[in-house]
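Each reported figure results from applying straightforward, stated rules to the coordinates on display, with no laboratory input. Predicted model, so just to flag it, every value in this text is computed and none were measured. In this analysis, Cβ positions are derived from the backbone assuming ideal geometry, glycine residues included, and neighbour counts consider all displayed protein chains.
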Amino acid sequence: MNGGMRVRSFGVAALAGLIIVAAPGCLEIETKTHVRRDESLNRTVVFSGDSAGVPGACIVLGIDSSWALETRREERKYILTASREFATVQDMARALRGSPGKSVTITPRLESRFDWFFTIYRYSETWSRLHQINEVPLSDYVSPGEIDMFFRHELRKEPFPTKGDSLALADAEDRYTEWDSRNWFEAYYKIFLKGVRELGDPALQADSVERRKDVLFRSLGEDFSAFADSKKSSDFNAMGAEFARVLKNPLALEAAAKESDAIALLARQQAFVEDFAPFGYKVRTEMPGLITNTNAPSINGNIVTWEDFEGALYITDFDMWVESRVVNWWAVGIAALLLVIVTALSIAGIVRGRGRGRISPST
Amino acid sequence: MSCGQYEEWLFLHRPGELSRADLAALEAHLRDCPQCAALKKALASDDRRLARLRAMAPEPPDADAAAGRVLLAIGGRKPVASHSRIRNFLEVILLTFNQPRIRTASAFLSVTLVGALLYQQFSVMSEVSNLEARMALRQDQPGMIHTAFVLDAEAVSRIPRSSEILEALGDRVKADSDRNIIISREAAQSMQETATRTLRFTSRKAGSAVLDARVIEEISRVVQRQASLVFRVSRKGGAG
């Protein structure tokens with residue numbers, strides 16, 4: 001665990017994944033989705049806070065010129081509102097599709113089902129995990145029980161029953177940080193090793209690099225902040241230079257150059273995780289009718305709200321769903337009309353029949 | 001003599017107005033004429049039917065229904081000059097609804113409609129009630145996190161003083177069907193607090209709360225050092 005302190009900077013963005021919830025971002029982002037009975041939707045994203053972060057946040061959420069934008073100032077807050085109408089949920093899914101390393105992928109789904117006197121609506125929205133790097137299994141470092149505890153506490157706001165549980169989660173955060181560092185390092189290392197094999201220079205052989213893998217991990221951990229800054233420019237030379245420095249072999253630069261595209265893509269993904277981290281996210285959904293079920297932690301009328309879920313996106317996809325029922329008044333009306341007619345005719349029939357019955361004997 | 005004359009005699013024969021001679025001639029004709037014999041048979045059948053009707057009560061048991069059936073049967077054929085078509089139609093509808101089968105079907109339909117509406121309404125109320133209960137639980141009550149450490153019985157037996165420690169933990173320890181010893185989270189916390197570093201190691205390696213024999217040995221070393229503390233904490237917990 002001594003190396004854990006030194007590699008902390010290596011996984012600084014990831015550490016935020018578990019502890020960011022406690023540290024409010026400089027920009028609050030609130031998405032509001034209004035689901036209508038005709039299954040059309042309105043999506044509004046409100047950015048509130050420091051104006052400097054807005055452009056980056058817009059990109060992260062895939063807001064482009066097709067959205068109607070409106071800006072205003074409230075006290076010291078800069079507020080940007082982006083809204084857009086969607087005829088169907090498929091249209092909205094296309095707009096929120098996202099792209100790896102640039103914007104988060106949000107998958108909305110809307111289903112409606114006729115159920116006699118009601119129509120049942122189910123809306124769900126899945127925010128995809130921020131990256132798909134799975135070089136090291138998370139379960140090697142954090143147990144499923146600890147992840148569950150994290151979700152219960154951070155997402156569902158359940159308090160820790162004891163101080164021991166709180167300490168246990170703090171310990172899990174350290175191990176999560178270590179896993180994140182290892183995971184990203186393995187991803188870069190794998191690409192670099194491929195470059196070394198492609199280079200095929202006897203002066204830089206894959207075997208010798210593999211022997212120094214642990215040294216590479218520990219050494220990169222120390223200077224990773226500088227590396228993290230440089231990789232935003234997608235400069236594969238930065239990574240090559242770091243590997244060359246640690247391996248004391250300038251050929252590492254050439255090996256990195258062989259896989260420049262793969263390194264650039266990985267760097268973009270890592271940069272995206274960092275771009276996503278500083279903001280506080282809130283998702284509101286307004287449903288038609290009465291809400292009958294949801295996994296949201298709070299409900300107000302027919303609006304459900306999820307917040308502080310961004311930490312989960314470092315580990316897994318986050319699914320938000322809500323179900324509501326709308327009364328089919330036309331069905332109720334038809335049923336009522338049918339009842340009235342049947343009752344009236346039955347009564348009238350009886351009365352009429354009795355009338356005839358009285359006449360018939362005399363005739 | 002023609003069959004027409006004999007037909008007239010057949011009608012006269014019924015109230016007994018035919019002379020003996022005519023009756024003999026009629027019977028002779030009936031033996032030879034199948035048509036007149038069939039007419040006599042039909043008239044006799046009508047007479048029996050009329051006799052049964054005369055024997056019945058003046059009003060049938062379901063007079064309304066009977067009247068309805070008769071009127072429904074003749075309604076379409078018998079022209080009613082004074083009634084409009086709509087009135088006729090309504091008449092037919094009313095008479096239809098006067099039939100017992102239709103009445104039963106109407107009642108069934110009404111009950112089904114009302115029942116379906118009430119069932120769905122109660123179902124929605126139940127769902128909302130469950131949701132509200134869940135929300136209240138989240139907001140008002142502290143969450144319960146249930147965790148249990150499952151210790152292999154054989155491995156535990158190798159821990160020095162393990163039986164003494166487990167005894168102290170009392171009913172918070174139980175064995176499952178696989179002879180594993182399950183210690184509740186509360187009970188295991190005493191071990192967790194005294195063996196934090198070891199448990200960190202175990203969680204990282206084991207990846208879950210299921211601890212293997214090797215892990216137990218690690219714990220046992222710590223527990224051995226801290227046996228008195230564990231014992232004290234356990235007793236305190238047990239008393240609580």
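When only the Cβ of Lys, Arg, Asp and Glu is charged (+1, +1, -1, -1), the dipole of the range A:19-105 relative to its Cα centre reaches about 80 debye.
Distance between the pseudo-spin-label points of A:V215 and A:T316 (7 Å out from Cα toward the beta carbon): 4.1 nm. Peptide packing for A:99-110, A:252-263 was compared via the average number of neighbouring C-beta atoms within 10 Å per residue; ordered from the highest value, the list is A:252-263, A:99-110. Once you reduce the range A:34-57 and the range B:1-38 to the center of their Cα atoms, the two points are 105 Å from each other. Dipole check for the range A:250-314: with +1 at the C-beta of Lys and Arg, -1 at the C-beta of Asp and Glu, and the Cα centre as origin, the magnitude is about 200 Debye. Taking a Cβ cut-off of under 13 Å around B:H29, the surrounding Lys, Arg, Asp and Glu residues balance to a net charge of -3, with basic ones at +1 and acidic ones at -1.
In sequence order, the range B:87-103 has phi-based couplings of 5, 4, 4, 4, 4, 4, 4, 4, 5, 5, 5, 7, 6, x, 5, 5, 4 Hz under the Karplus curve 6.51 cos²θ - 1.76 cosθ + 1.60, θ = phi - 60°, and Gly or Pro positions carry x.
For the range A:42-94, just say rounded, prolate or oblate: build the C-alpha gyration tensor, square-root its eigenvalues into a ≥ b ≥ c, call rounded for a/c under 1.5, and beyond that prolate if a/b exceeds b/c, oblate if not. It is prolate, given that a/c is not under 1.5 and a/b is the larger ratio.
Past the 20 Å Cα-Cα mark, which pairs from A:K102/A:K213; A:K32/A:K102; A:K190/A:K213; A:K102/A:K194; A:K102/A:K190; A:K102/A:K258?
From the list (A:K102/A:K213; A:K32/A:K102; A:K190/A:K213; A:K102/A:K194; A:K102/A:K190; A:K102/A:K258), the Cα-Cα distance tops 20 Å for A:K102/A:K213; A:K32/A:K102; A:K102/A:K194; A:K102/A:K190; A:K102/A:K258.
Taking packing as the residue-averaged number of other Cβ atoms within 10 angstrom, the listed peptides B:46-52, A:204-210 run from highest to lowest as A:204-210, B:46-52. The mean count of C-beta atoms from other chains within 10 Å of the C-beta of residues in A:280-291, rounded to a whole number, is 1. Per-residue shielding of A:337-343, expressed as the average number of other chain Cβ atoms within 10 Å of the residue Cβ, stands at 4.
If Lys and Arg each add +1 and Asp and Glu each add -1, what is the summed charge of the other residues whose beta carbon sits under 9 Å from the beta carbon of A:V283?
0
Considering only B:L50, B:P34, B:S19, the residue lying farthest towards the positive end of the dipole of the range B:3-55 is B:L50, judged by Cα position with unit charges set on Cβ. Counting Lys and Arg as +1 and Asp and Glu as -1 over every other residue whose Cβ lies under 14 Å from the Cβ of A:Y121, the net charge comes to -2.
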